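First comes the structure, then the notes that go with it.
The values are calculated or read from the model by the stated rules, or taken from the named source; none is laboratory data. Fair warning: this is a prediction, and the values are worked out from it, not measured in the lab. Ideal geometry is used to build each Cβ from the backbone, glycine not excepted, and the neighbour counts take in all protein chains shown. For the accessible areas, the whole protein counts, side chains as well, though only heavy atoms, and no ligand, DNA or RNA atoms are used. Shrake-Rupley method; radii C 1.70, N 1.55, O 1.52, S 1.80 Å.
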Amino acid sequence: MDASLEKIADPTLAEMGRNLKEAMKMLEESQSRRVEDENGKKLMSEDIPGPLQGSGQDMVSILQLVQNLMHGDEDEEPQSTRIQNIGEQGHMALLGHSLGAFISTLDKEKLRKLTTRILSDTTLWLCRIFRYENGCAYFHEEEREGLAKICRLAIHSRYEDFVVDGFNVLYNKKPVVYLSAAARPGLGQYLCNQLGLPFPCLCRVPCNTMFGSQHQMDVAFLEKMIKDDIERGRLPLLLVANAGTAAVGHTDKIGRLKELCEQYGIWLHVEGVNLATLALGYVSSSVLATTKCDSMTLTPGPWLGLPAVPAVTLYKHDDPALTLVAGLTSNKPADKLRALPLWLSLQYLGLDGIVERIKHACQLSQRLQESLKKVNHIKILVEDELSSPVVVFRFFQELPDSDSVLKAVPAPNTAPSAVNRERHSCDALNRWLGEQLKQLVPASGLTVMDLEVEGTCIRFSPLMTAAVLGTRGEDVDQLVACIESKLPVLTCTLQLREEFKQEVEGMAGLLYVDDPNWPGIGVVRYEHANDDKNSLKSDPEGENIHAALLKKLNELESDLTFKMGPEYKSMKSCIYIGMASDDTDVSELVETIAVTAREIEENSRLLENMTEVVRKGIQEAQVQLQKANEERLLEEGVLRQIPVVGSLLNWFSPVQASQKGRTFNLTAGSLESTEHTYVYKAQGTGVTPPPTPSGTRIKQRLPGQKPFKRSLRGSDAVSETSSVSHIEDLERMEHLSTGPEQNTQEMAHGPEQPPGDSVPPASHPEALQNRAQHPEDNHPQVEEPESLR
């Protein structure tokens, strides 16, 4: 068995198999297996699936099948998904599910004692670790299920006749459940669906707008809403507060909320990621106040990196009958065994291991927050929450001539359209930055989210991901380095957007498409001759042109990325240009797009015209060949067409008939005879095809320089000047070295001429006359080097 398990490629499945085997051996020492030989007829039918036929399969084959289903086939491309880091504590949690199935087979008395012990131990340990004294625990798979049970308990507590009269009691005095505007999405709808309450029973409490955090509940406004509900004859039932909101990790003012709930008899329930810090030695006062609430929901699975571990709702209530009716307690052993994986894992980790994991996550958060404070163009949204284990940040840039390019809150005198455009541009850039960071540093566990006020932001919540992904301090440093490396691209792209817009608007044939959701320098569309500007429908001809244009642009192998897609407000195809650097030549880019698109359109027009010409030429050739055949029949006669008679006539009296055919000249577009080809045994060259249209200006690039890159003009000018001066110095030195020798030879022997040369000497009158007529030949000409042409 052990040798077979080693064949499993997945180490997690192999380790689970070995642990399960050892556990089963220890639990089944006093039992023996009975092997029964089946002599009867086995059920073999075509209706039975293949894996179920026969006598079954062994464990190795089944685990191999599970592995293939988990990781896919070998032919499939591997997908970049987050793989959970399952350690020894994870194996204990997984083993708990297998042991739970085995324990359920015990007799009722042993099962009752064992499940009661497991439930009581786990409840006591969690209450001591998270400072919730004298509490009860409810273990559930769905995180929101505990809150639904708490709401049911609150209804039974406040409405004494609810068990007898049912919803008639609620109709006379409607309950009200208060939720923060920063609560996780869908929570209120889930509660109404589970409890059967109408949506008017929910009341969303707004967050602070003037003072305090904009993600904290407005306590003064909440008190006003409670008083209004009481005056209307409604019953304030339950308040859900946050100790770490789902978005940015802010904590409500739990102390003041608890006082308000005690004043009006409202049940206070708290949930959030910051509840994990209750296990640490130092806890902030806002989080420490949660220990006085009526109930709280904990999620130790992601905090401690434990897979398949249930969530826990701790609550305080003295009436066990009401908790049983509400569903918080159960007499079923299977419900009590939900705590078994957590019971095993807590014992394996111990208090030091639990505290160490939570402390490590908080240190990662503080490390990232301190590092991001030193980075320009990065705004941290939780600077006032020094103890929060959640860091939310975003990219922004301010220019000297404006208040802010990317602003979260619009100015009073700013046009709504301009503000929305800047807001969407900011969101697009931050969305691109978040996706890039997730790919470069997958162990960081970043999340891209959209906030109502700030826009698109990036969240780092190590308490929910560090234990699962194995995040370390080096990963945080790598994340900061990646952010710093991406900032120049973001700032340059933002600055080049306006230049790109002006260049496109000044180029004939191009249309600038305003798409604020695209994280690049811009979007452009080529308007061909048959383009209907007023139509919003898809254009097949334009789509073909843009597809060919995209192929040509990608073949240039530049640093820019090009994509094709529909326009922001219509179905017409456009070219989307990605992020750019500071040395991007926008004018060359726009001109290349216009020239290339124009060439593609002209070539397509030429092809269409040539197709029509070829079709007409083929029809004309068929008509002429038919006439030639008729003339040949009249010339040869009918007898020569008979098979046997024609052969005899052709043998006695051969016919000297020339082979006539037709050829179509694609260049000239005319139909010609093939007589020249048969006579001279060569095909005519025809007319020279017209040249391919090209751009008016073609930029000369240096060796190794990629397209759309600005050249260093200052260095080019210096090199050109130095090259010219160097050539002049060489000419001057050559003239000084050869001049005296040449004069001496001329004085002694006269000018030497080759035989037959008619060029007169320099002193001859004819030579002087030629110099007078051509003065440009008097100066020596220096051939320009190839590098300067």
Study note, to complete from the structure: Low-density loop trypsin sites (Lys or Arg not before Pro), segment 205-283, at most 16 other Cβ within 10 Å, DSSP non-H/G/I/E/B, are 232
Review point. Once the whole set of protein chains is in place, how much accessible area is left on residue 459, using a 1.4 Å probe, in Å² to the nearest 10?
Key: 50
Point to revise | Average silhouette area of segment 476-567, convex hull of alpha-carbon atoms, in square nanometres | key: 7.7
Exercise for review: Starting with the highest mean, order 499-508, 242-251 by the number of other Cβ atoms within 10 Å, averaged over the residues of each peptide.
Suggested key: 242-251, 499-508
Review point. Can you give the three extents of the C-alpha atoms in segment 142-330 along their principal axes, from longest to shortest, in whole Å?
Key: 47, 44, 28
Check your understanding: Antiparallel DSSP bridges in segment 142-330: what percent, to the nearest 5?
Key -> 25
Review point. Counting only protein heavy atoms, what percent of the accessible surface of segment 142-330 is carbon or sulfur at a 1.4 Å probe?
Key: 53
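Direction-averaged shadow area of the convex hull around the Cα atoms of segment 417-544, nm²?
Values: hull surface 43.6 nm².
Its average projected convex-hull area is 10.9 nm².
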Practice item. Find the accessible area per residue for segment 142-330; the probe is 1.4 Å, ligands and nucleic acids are left out, and the unit is Å². Key: 41
Study note, to complete from the structure: Between residue 397 and residues 5 or more places away or on another chain, the pairs with built amide H atoms under 5 Å apart involve 405, 406
Point to revise | Among the listed pairs 108/332; 253/292; 379/501; 174/292; 173/258, those beyond 22 Å (Cα-Cα) | key: 379/501; 174/292; 173/258
